[in-house]
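Below is one structure, written out as structure tokens; comments come after it.
The values are calculated or read from the model by the stated rules, or taken from the named source; none is laboratory data. Bear in mind that the values here come from a model prediction, so they are computed numbers and not experimental data. We place every Cβ from the backbone using ideal geometry, glycine too, and count neighbours over all the protein chains shown.
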Amino acid sequence: MRFAYPRALRVLFVALVVAQWPLVQAHEPDAEEIALGSLVDAELAFANMGWQRGVRAAFLAHFAPDGVVFEPAPTRLREEWSARPGPADPLALRLEWKPAQAGVSRSHDLGYTTGPFTAWDAAHPERKRQGVFFSVWQRNAAGRWEVVLDAGIGTPGIVDFAELGAAPRPRFRGRARNSVERARVLALETAAGATGLTPTRYARLLADDARLHRDGVAPLASRPRVAPEVAAQMARVVWTPLDARVSAAGDLAYTYGRYRQTDRAQSLHDGYYVHLWLRDASGRWRLAYDIALPATHTASPAPS
């Protein structure tokens, strides 16, 4: 099977995303639509190379020099994978994926893609694993999109993203100072200190269309669904960020780090997290994607 996506599919994808925006009239593509289209093109090219030349070659070609993948700890992919010998057969691992939803900052320098993936060993095509990937992309100095972070969860089957509703996107249109906004996002993650966030305080951070990604289950969408689920799972959670980046427009940010969570039975769980933060129309940062990867996590779709 040839894993290639014609340009027509990209055009359809962007049209579907734009169709979810409020009251969009027919017009020439604006700068945001063009940026979104270029990001989708980059993801499709990434997936196409993965099918034709193998996972290792595709990931090395599309990741930024400091791009991070979770194995399960965050790892500088190009640095680590380049030091390892490649597989004897680069096509032994088969990996299909495609973007189902995406978003970009107003400054068009930072964006994200997410969608379903299917992975299997070429020698055992009957043993397929399903999951959902989440990637953050950043433009380099030459204007080319590169992956700066990639995380995946396993799911029981193929996820229908149409059922989740429109993709979260930033709504802030004011001015911002990048360094100030980075500090604000980090403060939100560390404000609870060693005592951690309670479910009530966690719920206050959520965007209305927030997404919850947890290994082994399909993603959940919307604050009314995410907040009760998290409340049922935990008593407190402590986040320790390792890095954070903010778009030039100060409207989209991502963080990743360690989490330590206490459940209702007072059992302790730990691992790594990825967060995507978006600013709402009032300028408040809201948690749009909360992705937790247990320390024993093995659902990454991108083994080297």
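For the reader, a short list of remarks on this structure follows.
- Checklist (1) part of a strand (DSSP E or B); (2) over 14 Å from the mean Cα position of the chain (by Cα); (3) of a type in the set (G, A, S) applied to G131, failing item: (2)
- Screening the candidates R106, R177, R127, R139 for the property of being closer than 18 Å to A288 by Cα and of a type in the set (D, E, K, R) yields one hit, R106.
- Enumeration of residues in region 242-264 that are surrounded by fewer than 17 Cβ atoms within 10 Å (Cβ to Cβ) and part of a strand (DSSP E or B): L242, D243, R258, R260, T262
- Inspection of region 278-291 identifies no residue that is without any contact (Cβ under 8 Å) to a residue 12 or more places away in the chain, on the phi < 0 side of the Ramachandran plot, hydrophobic (A, V, I, L, M, F, W, C) and not assigned by TED's automatic domain parsing to the domain that holds G103.
- Whichever residue in region 265-278 is over 20 Å from the mean Cα position of the chain (by Cα) and among the hydrophobic types (A, V, I, L, M, F, W, C) and, among such residues, is surrounded by the most Cβ atoms within 10 Å (Cβ to Cβ): L268
- Residue list for region 73-109, filter: part of a strand (DSSP E or B) and in contact with an Asp or Glu (Cβ under 9 Å, 6 or more places away or on another chain): P74, R76, L93, R94, W97, A102, V104
Let's see how each residue does on (1) in contact with a helix residue (DSSP H, G or I) (Cβ under 6 Å, 6 or more places away or on another chain); (2) farther than 25 Å from L276 by Cα; (3) not assigned by TED's automatic domain parsing to the domain that holds Y256:
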residue: A47; (1), (2), (3): no, no, yes
residue: Q52; (1), (2), (3): no, yes, yes
residue: S82; (1), (2), (3): no, yes, yes
residue: L91; (1), (2), (3): no, yes, yes
residue: G111; (1), (2), (3): yes, no, yes
residue: A151; (1), (2), (3): no, no, yes
residue: G157; (1), (2), (3): no, no, yes
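- Checked against the criterion of being at pLDDT 95 or above and under 15 Å from F134 (Cα atoms), the candidates A244, A210 yield just one match: A210.
- Residue match in region 249-257 (condition: farther than 21 Å from T114 by Cβ and touching a residue at least 60 places away in the same chain (Cβ under 8 Å)): yes
- Considering residues of region 265-304 that are touching a Leu at 6+ places or on another chain (Cβ under 7 Å) and either acidic (D, E) or in a loop (DSSP other than H, G, I, E, B) (or both) only, the residue modelled with the highest pLDDT: D290
- Residue list for region 189-204, restricted to those being in contact (Cβ under 8 Å) with a residue 60 or more places away in the chain and surrounded by fewer than 20 Cβ atoms within 10 Å (Cβ to Cβ): G196
- Selection count, region 157-194, where residues are basic (K, R) and modelled with pLDDT of 95 or more: 2
- Residue within region 83-91 that is in contact (Cβ under 8 Å) with a residue 24 or more places away in the chain and crowded, with 18+ Cβ neighbours inside 10 Å present: no
For every residue, the table says whether it meets (1) modelled with pLDDT of 50 or more; (2) under 24 Å from D251 (Cα atoms); (3) in a helix (DSSP H, G or I).
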{"position": "Y5", "(1), (2), (3)": "no, no, no"}
{"position": "R10", "(1), (2), (3)": "no, no, yes"}
{"position": "A15", "(1), (2), (3)": "no, yes, yes"}
{"position": "A35", "(1), (2), (3)": "yes, yes, yes"}
{"position": "S38", "(1), (2), (3)": "yes, yes, yes"}
